[in-house]
Amino acid sequence: MSILGIGRAATGVGQAVAEVSEVFTVNKTKAEMATQARYQAALAQAGAEFEQKPLGRFDRFVNGLNRLPRPILALSTVGLFAYAMSDPAGFSVRMQGLAYVPEPLWWLLGAVVSFYFGARELNYFRGYRANIPAIPMAPPLATVENAALTAWQQANR
């Protein structure tokens, strides 16, 4: 028998021994590969759940409209200062007109603005949380009895 034939026979015997030993103990390499495959499958499934379809024209239009109120409020506030400086008499008349707006209407305006910005912030917060990838938890650390520490604690009580 040639050396090549002996090598093949030895390899075959080694594989047979490995297969028989796996009946009694777990093959750690295969177990880790299976765990990794399950982990990758779970990540792929979670990723598929959070995929977003491309936005259509209407969705892009509405998103553009949703971005307008804050800049409009900021620019109109600056515009009020410019108006007050350019036409103080006209500005004064307009502000006196605001004094005639009933208080419940001011409360309603405040509620609408608060709910708009609160809902918008909540929407962004939820979107932010959805994009955080899941991090696998580390296994808990095993507590090992430390004889020296126990003796020291008992001596210092």
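Listing for the model above:
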| read-out | value |
| --- | --- |
| Residue check for residue 105: in a helix (DSSP H, G or I), more than 22 Å from residue 123 (Cβ to Cβ) and under 27 Å from the mean Cα position of the chain (by Cα) | no |
| Filtered residues of segment 27-84 (kept if in contact with an Asp or Glu (Cβ under 9 Å, 6 or more places away or on another chain) and farther than 30 Å from residue 16 by Cα) | none |
| Top-ranked residue of segment 61-100 - restricted to ones that are among the hydrophobic types (A, V, I, L, M, F, W, C) and outside any helix (DSSP H, G or I), ranked as modelled with the highest pLDDT | 99 |
| Criterion (within 27 Å of the chain's Cα centre (by Cα), among the aliphatic types (A, V, I, L, M), more than 26 Å from residue 51 (Cα to Cα) and modelled with pLDDT under 85) met by exactly one of 142, 138, 130 | 138 |
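Let's see how each residue does on (1) under 30 Å from residue 114 (Cβ atoms); (2) among the aliphatic types (A, V, I, L, M); (3) surrounded by 10 or more Cβ atoms within 10 Å (Cβ to Cβ); (4) touching a residue at least 12 places away in the same chain (Cβ under 8 Å):
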{"site": "35", "(1), (2), (3), (4)": "no, no, yes, no"}
{"site": "45", "(1), (2), (3), (4)": "no, no, no, no"}
{"site": "66", "(1), (2), (3), (4)": "yes, no, yes, yes"}
{"site": "69", "(1), (2), (3), (4)": "yes, no, yes, yes"}
{"site": "72", "(1), (2), (3), (4)": "yes, yes, yes, no"}
{"site": "79", "(1), (2), (3), (4)": "yes, no, yes, no"}
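The values are calculated or read from the model by the stated rules, or taken from the named source; none is laboratory data. Nothing here was measured: the structure is a model prediction, and the numbers come from that model. Note that each Cβ is placed from the backbone with ideal geometry, even for glycine, and that neighbours are counted across all protein chains shown.
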